[in-house]
Amino acid sequence: MKLAIISHTEHYKLADGTIVGWGPTITEINFLAQIFDEIYHIAMFHDVEAPDSSLPYISDKIKFVPIKPSGGHSVLDKIKVALSAPKVVKTVNSVLKKTDCFQLRAPTGIGVFLIPYLTLFSKKKGWYKYAGNWNQESPPLGYALQRFMLKHQSRKVTINGSWPNQKTHCLSFENPCLTESDLKNGSKVRSAKSNNVPINFCYAGRLEREKGVERIIKAFNCLDEEMSNKVGTVHLVGNGSEIEYFKSLSTNSKIDFIFHGFLPTDKLFKVYEKSHFFIMPTTASEGFPKVIAEAMNFGCLPIVSNISSIGQYVKDGENGFLITPINEGNVLKVITKTLLMSFDSYTQMVESNTENVRKFSYLYYIERIKMLLGE
């Protein structure tokens, strides 16, 4: 069976001509190649230097089909998305002729016109992967429109979390991010974890206020001297347009903040290994961020927002901590609580995530995709 994947995943070209792309998505597609004869990935090519988080395809069964980047928040960005429609539809149509089924990854700017196009003009077998917050009350207009269209068509849609009145064609799916080797290594790391001082914290993702980076830095800066002395390092992995502002907030702080920039997966996992807690007080349109599951696998207890499906996997005081409502003061309260945890409470909570993380393995995901396609 041949698969067409359509996404907004950023791709780049290395100096030696190798095409690379956003690591988490590329890894997922590399695993999908185990159950498909060929995969054509229609996605966006950026003519700039590739970030360290990029990875190459590892199978010659995967073929990258470039389209021009589009999308954004401004009115001009929206106009550019609309103007790109004819070329994008032409590319998608040509690839669909070579394949047996498709996956469209949403929400994305091009999804606004591709969802109705595929619904009305393609008879190919396919499914949609919606990675945003399926239950968001006031989503951006483009997200709301795509969610509405996906609810009112017949193909399968994989979503994050389980929700009241969920339609039968909308299937709750975990986003894969862990190999069997990762699970094995994670088990060893968790069994050896303890919350002896100094205690390390980490964050991974886009460095922006919406994701909670400002709240993290300000909360740590407000710790009293006794609590500050318990903190080792706060690792911030990722990049963004506001990075210099965040660095300025950490200047002359009593807390040791390290800005790593983007890291390849193996180095990111090393950060998780030496950290005790993962913190993400986000207000962004999240489904279930993969980094939470990755961090839990390596023994980091999550300190996260209770939005979207996050609270369906992280139970406050049982296997992590939920921040409600999301503000700097509550982030500070939860950080203080974690710094006062007993050894027994910490280790018990770390081990309680064992069953959770198995649901985020690529093997589990591949088996569920096979069932979805067999229906």
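The values are calculated or read from the model by the stated rules, or taken from the named source; none is laboratory data. Only a predicted model underlies this, so the values are computations on that prediction, with no experimental measurement involved. With ideal geometry, Cβ positions are generated from the backbone for all residues, glycine too; neighbour counts draw on all protein chains shown. Note: accessible area is taken over every heavy atom of the protein model, side chains too, but ligands, DNA and RNA are not part of it. Shrake-Rupley method; radii C 1.70, N 1.55, O 1.52, S 1.80 Å.
Note on region 298-308: among residues that are at pLDDT 95 or above and not hydrophobic (A, V, I, L, M, F, W, C), the one that is surrounded by the most Cβ atoms within 10 Å (Cβ to Cβ) is Gly299.
Results for (1) among the polar types (S, T, N, Q); (2) surrounded by fewer than 19 Cβ atoms within 10 Å (Cβ to Cβ); (3) in contact with a Ser or Thr (Cβ under 9 Å, 6 or more places away or on another chain), shown as yes or no for each residue.
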| position | (1), (2), (3) |
| --- | --- |
| Arg155 | no, yes, yes |
| Pro164 | no, yes, no |
| His169 | no, yes, yes |
| Phe173 | no, no, yes |
| Thr179 | yes, yes, yes |
| Lys184 | no, yes, no |
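Residues checked against (1) of a type in the set (Asp, Glu); (2) in contact with a strand residue (DSSP E or B) (Cβ under 6 Å, 6 or more places away or on another chain); (3) open to solvent by 20 Å² or more (accessible area, probe 1.4 Å):
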site	(1), (2), (3)
Val112	no, no, yes
Ser122	no, no, no
Tyr128	no, yes, no
Gly132	no, no, no
Asn135	no, no, yes
Pro140	no, no, yes
Ala144	no, no, yes
Phe148	no, no, yes
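Note on region 352-375: among residues that are under 23 Å from the mean Cα position of the chain (by Cα) and among the acidic types (Asp, Glu), the one that is surrounded by the fewest Cβ atoms within 10 Å (Cβ to Cβ) is Glu355. If you go through region 230-242 and keep only what is out of contact with any Pro (no Cβ under 8 Å at 6 or more places or on another chain) and either farther than 22 Å from Ser194 by Cα or surrounded by fewer than 19 Cβ atoms within 10 Å (Cβ to Cβ) (or both), you end up with Val237, Gly238, Gly240, Ser241, Glu242. Of the set (1) in contact with a Phe, Trp or Tyr (Cβ under 8 Å, 6 or more places away or on another chain); (2) within 25 Å of Asn160 (Cα to Cα), all apply to Phe257 but (2). Looking only at region 243-282, residues that are closer than 30 Å to Glu351 by Cα, open to solvent by less than 30 Å² (accessible area, probe 1.4 Å) and touching a helix residue (DSSP H, G or I) at 6+ places or on another chain (Cβ under 8 Å) come to 13 in all.
So, restricting to strands (runs of 3 or more DSSP E) that lie completely within region 270-334, which ones have at least 1 residues that are hydroxyl-bearing (Ser, Thr, Tyr)?
Because the criterion is at least 1 residues that are hydroxyl-bearing (Ser, Thr, Tyr), the strands (runs of 3 or more DSSP E) in region 270-334 that meet it are 301-305.
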